[in-house]
Amino acid sequence: MDVVKPPQVDFSKYPPEIQSAVQKYSDFINDKLEPDLKKVLELRDNIYTRMSEYLKLKTHIDTIRTHELEELETKIDLGSDFFVKAFVPDTSFVYVNVGFGFHLQMTLKEADTFIDEKVKHMEK
């Protein structure tokens, strides 16, 4: 996201103490606030991406339940839009990323509950 810059104002006609104050605030905005804003926006985008992945999993779980699928043939994205076929012989369990690189086997109901709580926590 690009930060919109305000129009430049010529402060040379103002007294030196005003020019100094304007320069001080301008430096603070450019050196402190803009980098901090950029970091916060990146963190927010990361959280939204993770939330999207959890909600996508919830949609898949709902599809499995709705169609009462006991097995599933699907395509998995390995990255960079490279997909491979996958066969899931038992859809009663899913593996959910619970954080810190750990994946936990859960029933569909447990995964549903976990996702709801995780998304609720991430929205705070």
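Determine the per residue accessible area of the chain with all protein chains present and a 1.4 angstrom probe, expressed in square angstrom.
Numbers: 10400 Å² over 124 residues.
Accessible area per residue: 84 Å².
Over segment 22-124, with every protein chain in place, what whole percent of the accessible area is carbon and sulfur at 1.4 Å, could you tell me? Walk me through the intermediate numbers first.
Numbers: 4790 of 8270 Å².
Taking all protein chains in place, segment 22-124 shows 58 percent carbon and sulfur surface.
Once Lys and Arg get +1 and Asp and Glu get -1 on their Cβ, which of Ala86, Leu72, Gly101 lies farthest toward the positive end of the dipole of the chain?
Positive-most Cα among the choices belongs to Gly101.
Given the whole protein assembly as supplied and a 1.4 Å probe, what does the accessible area of Ser26 come to in Å², nearest 10?
40
When DSSP assigns beta bridges and you keep just the ones with both residues in the chain, what percent turn out antiparallel, to the nearest 5?
Numbers: 12 of 12 bridges.
Beta bridges within the chain, antiparallel portion: roughly 100 percent.
Express in Å², to the nearest 10, the accessible area of Glu110 obtained by rolling a 1.4 Å probe over the protein heavy atoms while all chains stay in place.
100
With every protein chain present, what accessible area does Thr91 have (1.4 Å probe, heavy atoms only), rounded to the nearest 10 Å²?
10
How high is the relative contact order of the chain, in percent, with contacts defined as C-alpha pairs under 8 Å that are six or more residues apart? Don't jump to the answer; show the numbers that get you there.
Working: 71 pairs, mean separation 20.1, N = 124.
Answer for the chain is 16 percent.
What is the helix-to-structure angle for 108-123, meaning the angle in degrees between its Cα long axis and the longest Cα principal axis of the chain, kept from 0 to 90 and rounded to the nearest 10?
Once rounded, one gets 0 degrees.
Return the calculated 222 nm mean residue ellipticity for the chain, to the nearest 500 deg cm²/dmol, obtained by summing -39500 (n - 2.57) across DSSP H runs with n ≥ 4 and dividing by the residue count.
Details: 3 runs with 62 residues, N = 124.
The helix contribution divided over the chain gives -17500 deg cm²/dmol.
Of all the C-alpha pairs in segment 1-89, what % are more than 24 Å from each other? Present the calculation step by step, with values, prior to reporting the outcome.
Details: 2194 of 3916 pairs.
More than 24 Å apart: 56 percent of the Cα pairs in segment 1-89.
Using a simple charge model, +1 on the beta-carbon of Lys and Arg, -1 on the beta-carbon of Asp and Glu, nothing else, what dipole does the chain show about its Cα centre, in debye to the nearest 20?
Numbers: 17 positive and 23 negative charges, 85 e Å.
Charge dipole of the chain: 400 debye, to the nearest 20.
Could you put Lys118, Lys38 in order of accessible surface area, largest first, with the 1.4 Å probe and the full protein assembly present? Mind dumping the intermediate values first?
On the way: Lys118 40, Lys38 130 Å².
So, going from the largest accessible area down, we get Lys38, Lys118.
Sort segment 59-124 into rounded, prolate or oblate with this rule: let a ≥ b ≥ c be the square roots of the eigenvalues of the Cα gyration tensor; rounded if a/c is under 1.5, and if a/c is not under 1.5, prolate when a/b is larger than b/c, oblate otherwise.
Details: a/c = 1.91, a/b = 1.25, b/c = 1.53.
Since a/c reaches 1.5 but b/c is at least a/b, the shape of segment 59-124 is classed as oblate.
So for Phe93, Phe100, what's the accessible-area order with a 1.4 Å probe, most first? Intermediate results must be reported in sequence, preceding the final value.
Details: Phe93 90, Phe100 200 Å².
From most exposed to least exposed: Phe100, Phe93.
The values are calculated or read from the model by the stated rules, or taken from the named source; none is laboratory data. Predicted, not measured: the structure shown is a model, and the values here were computed from it. Here the Cβ is made from the backbone with ideal geometry for all residues, glycine too, and neighbour counts use every protein chain on show. Ligands, DNA and RNA are stripped out before the accessible areas are found, and what is left, the full protein with its side chains, is counted by its heavy atoms. Shrake-Rupley method; radii C 1.70, N 1.55, O 1.52, S 1.80 Å.
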